[in-house]
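*Asks:* My questions all concern the structure below.
The values are calculated or read from the model by the stated rules, or taken from the named source; none is laboratory data. Predicted, not measured: the structure shown is a model, and the values here were computed from it. Cβ sites come from the backbone with ideal geometry, for glycine too, and all protein chains shown count toward neighbours.
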């Protein structure tokens, strides 16, 4: 039987699939990805979030006037690609020969997971940087009331009802799960990436609720997907690399490069992405996200 080898594209695709499986907050962000990026670190990408056309007009034939033609306005946010995330691993000849039986599983996938943690931390950083709008009592007895208040704030701001999330720290998660009235509604998360399926604990007042260890202690954020744009770009594979692939999947972009260093008699494997995250503002203020913090215990 002939030997069967995975191609660079197959390995890269498996690795980026692992990346998407590890992201919770990043999996809810408004994602923009591109392989074979020809720009550089520090470039700014404009991400379109929605299009506004204004309210519908009423036509009155008796007025004998032509209809009014309005302009469409695209809403966008600029995201700076300011973070180059990577994980590199050296594989000495003897280790590669004797210990590595499945390169994708033992090397490339763990590298992608490491990069995923970096992407996740970037999105969490945007959330943690928000000014607190709502303070919850230390015992959490008013958490449900405050979440309804957050819903009202988003409603008044015209935020769409779909794709709303409530990301919570472990402290707020415990408050919700220990609710004696058990108001969390179970939700079918099939079709979502594995990380989201595992994280989602239910729905509440129109929000899909999920915990994150990357949020500040005692905090939470109620938000719409468009509140936190995330951009990832895969740089071109270097001409000198003998094994490499840039690819996108599920709104993430990544590059895998593997080559040989004869001076040290070892392979080198590097997984990387160029990333940037931001917070959407409307008319100069944050309207698509509401941050919760917990009051200190008395």
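*Asks:* Return yes when residue 279 is modelled with pLDDT of 95 or more and out of contact with any helix residue (DSSP H, G or I) (no Cβ under 9 Å at 6 or more places or on another chain) and no when it is not. Can you show your working first?
*Replies:* Details: modelled with pLDDT of 95 or more: yes; out of contact with any helix residue (DSSP H, G or I) (no Cβ under 9 Å at 6 or more places or on another chain): no.
Spelling it out, it is not the case that residue 279 is modelled with pLDDT of 95 or more and out of contact with any helix residue (DSSP H, G or I) (no Cβ under 9 Å at 6 or more places or on another chain).
*Asks:* Given (1) at pLDDT below 95; (2) over 23 Å from the mean Cα position of the chain (by Cα); (3) part of a helix (DSSP H, G or I), identify the lone condition not met by residue 181.
*Replies:* (3)
Yes/no matrix, rows are residues, columns are (1) more than 26 Å from residue 278 (Cβ to Cβ); (2) without any contact (Cβ under 8 Å) to a residue 12 or more places away in the chain:
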position	(1), (2)
93	yes, no
101	yes, yes
104	yes, no
108	yes, no
112	no, no
121	no, no
131	no, no
144	yes, no
147	no, no
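Here's the yes/no breakdown for (1) touching a strand residue (DSSP E or B) at 6+ places or on another chain (Cβ under 8 Å); (2) within 24 Å of residue 118 (Cβ to Cβ); (3) crowded, with 21+ Cβ neighbours inside 10 Å:
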position: 255; (1), (2), (3): yes, yes, yes
position: 258; (1), (2), (3): yes, yes, yes
position: 262; (1), (2), (3): no, no, no
position: 266; (1), (2), (3): yes, no, no
position: 273; (1), (2), (3): yes, yes, yes
position: 277; (1), (2), (3): yes, yes, yes
position: 280; (1), (2), (3): yes, yes, yes
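*Asks:* Sticking with this structure for a sec: Of all the residues that make up segment 126-149, how many are crowded, with 18+ Cβ neighbours inside 10 Å and within 17 Å of residue 212 (Cβ to Cβ)?
*Replies:* Adding up the residues that qualify gives 6.
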